[in-house]
Protein chains: 2
Amino acid sequence: MSTSNAANKALADEASRARALIRQETHTGPTAGLAPGCVQANLMILPQALAAEFLLFGQRNPKPCPILAVTTPGDFTVAAMGSNIDLRTDVPKYRIWRHGELVSEPLNLLDTWRDDLVAFLIGCSFSFEEALIADGIDVRHISEGRNVPMYRTNIPTRGTPLLNGPLVVSMRPMKAADAIRAVQITSRFPSVHGAPVHLGDPALIGIQQLDRPDYGDAVTIHDDEIPVFWACGVTPQAIIDNVKPEFSITHAPGHMLITDVSNASLASF
Amino acid sequence: MSTSNAANKALADEASRARALIRQETHTGPTAGLAPGCVQANLMILPQALAAEFLLFGQRNPKPCPILAVTTPGDFTVAAMGSNIDLRTDVPKYRIWRHGELVSEPLNLLDTWRDDLVAFLIGCSFSFEEALIADGIDVRHISEGRNVPMYRTNIPTRGTPLLNGPLVVSMRPMKAADAIRAVQITSRFPSVHGAPVHLGDPALIGIQQLDRPDYGDAVTIHDDEIPVFWACGVTPQAIIDNVKPEFSITHAPGHMLITDVSNASLASF
């Protein structure tokens, strides 16, 4: 076995152990910090009738909606992302939505799963944040123990007949030299939002107040820093909210699906 | 011959034709726009006694002083950069300096060349500007027909015992999305200054007035643009000026050495 394969096997074992704790409902909290080095994914589960439309939305909007895997209808496994993943049990907390209303936050989907459901695993900024931190860049919401600040913008997404709406961005404040380095680092990770979409003046993308994010928490921005904005995985959630589908399931914020895939393997070069 | 080799041969022929016009002193003006696709180089010629020190400076400061080639003492050819280059005749206009004073601007060095001279070919932003323009980015000083604005900063270079001084930067104003793209594009060209060193607030790097550059011309900056700063090849010239060497030769500003090497071949990925 090559060193690289041995390292990947060790990561996959770590992911498997984390999922086992979650499956047993021993771990029911956020997944940040679990199985470091492994890709954590956003989850969007839709009835088959809406799935093709959502896939098209992802194809047209790879920066806010980078789709890592799609299941076949009714299948709750995702072999491409982990050998023993069960999507009904392996997320610490789910959110069930009916006609756009949050109806429950169960710890599993064993009673809820339907044969017409299609699951989308969507890339998450945890992967690139790990690379930023490894390079010595302060990721403010992590060092301040908060959720990343997110904002609705005036940038339209490339819509489909049913799915339309503005881009949501996450923001990380940095010194300019770190922002330049962050562009380089995140450019290597196109499947987890890739390079920033904007930096500097927030008003140019329709954000009025950085200290009042639309989602998540405000973070400190120092005088010698600029805000750097990335396309955010909340975008597809916000856009699905708009159409108020009869039924859908997502992960609860921060309660991600841990996969066997290494963050390193997502680097495009 | 592969397509790539045929393309490179065509570029080298174009460079050779341009150098022939310059050697005959038919073309004596700036080289911008000549032999598109070919690397144009800054030239610094020093007595052997100072050459090792300058090479060390370049090694320590690859962003402002990316050394593409160094000649052996007394040799006025540079086979690595072009099969028939003669450094005594192939630059349209030279500048001869004695003890830090500009003493003449000859069209050739046939009477001036010395057996102890070492020539340094240094990467030039023309190479990455070609890539920016190819991507549809407006390079302001080019679209406005001016010289790029350059500024002394408060960023120190990594000095050598003799060679010390602040970094000089060039500035190109851009919309934020173009600035992000420009970071990606120029990161691919580490041997021609690479990624920017700063963007946004000029005061943070000791620049007081963008409309009063220390070298070159001011350019228009629109309200929705930020200034983006790259390490500049004027830095080593300014630093050599500080030590007022007994004798040195440079190209006249904008009057570069055209080489056979393709800009495309400088891309690191």
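Where a number appears in this text, it was derived from the coordinates with a stated rule and is not lab data. What you are looking at is a predicted structure, and each value in this text was computed from that prediction instead of being measured. FYI the Cβ positions are ideal-geometry reconstructions off the backbone, even for glycines, and counts take in every protein chain you see.
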Selection over the range B:138-156 where residues are out of contact with any Gly (no Cβ under 6 Å at 6 or more places or on another chain), in contact (Cβ under 8 Å) with a residue 60 or more places away in the chain and in a loop (DSSP other than H, G, I, E, B) yields a count of 2
Scanning for something within 13 Å of chain B (Cβ to nearest Cβ), within 18 Å of the chain's Cα centre (by Cα), within 26 Å of A:ARG60 (Cα to Cα) and not aliphatic (A, V, I, L, M), does the range A:124-138 turn up at least one residue?
no
Filter the range A:227-269 down to the residues that are more than 28 Å from A:LEU21 (Cα to Cα) and of a type in the set (Gly, Ala, Ser), then identify the one that is surrounded by the most Cβ atoms within 10 Å (Cβ to Cβ).
A:ALA231
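May I ask you to verify whether A:SER170 is within 12 Å of chain B (Cβ to nearest Cβ) and within 19 Å of the chain's Cα centre (by Cα)?
no
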In the range A:146-171, how many residues are under 13 Å from A:PRO202 (Cβ atoms) and among the basic types (Lys, Arg)?
1
Restricting the search to the range B:179-204, which residues are within 14 Å of chain A (Cβ to nearest Cβ), in contact with a strand residue (DSSP E or B) (Cβ under 9 Å, 6 or more places away or on another chain) and surrounded by fewer than 21 Cβ atoms within 10 Å (Cβ to Cβ)?
B:ARG181, B:ASP201, B:PRO202, B:LEU204
Counting residues that are in contact with a Ser or Thr (Cβ under 7 Å, 6 or more places away or on another chain) and surrounded by 15 or more Cβ atoms within 10 Å (Cβ to Cβ), which strands (runs of 3 or more DSSP E) fully inside the range A:1-108 reach at least 3?
A:38-47, A:94-98
Of the residues A:PRO227, A:PRO213, A:PRO173, which is touching a Phe, Trp or Tyr at 6+ places or on another chain (Cβ under 8 Å) and more than 26 Å from A:LEU56 (Cα to Cα)?
A:PRO213
Output the residues belonging to the range B:110-137 that are hydroxyl-bearing (Ser, Thr, Tyr), in a loop (DSSP other than H, G, I, E, B) and touching a helix residue (DSSP H, G or I) at 6+ places or on another chain (Cβ under 8 Å).
B:SER125
Just wondering, is there one or more residues in the range A:206-218 that are out of contact with any Leu (no Cβ under 9 Å at 6 or more places or on another chain), closer than 30 Å to A:ARG88 by Cβ and away from chain B (no Cβ under 14 Å)?
yes
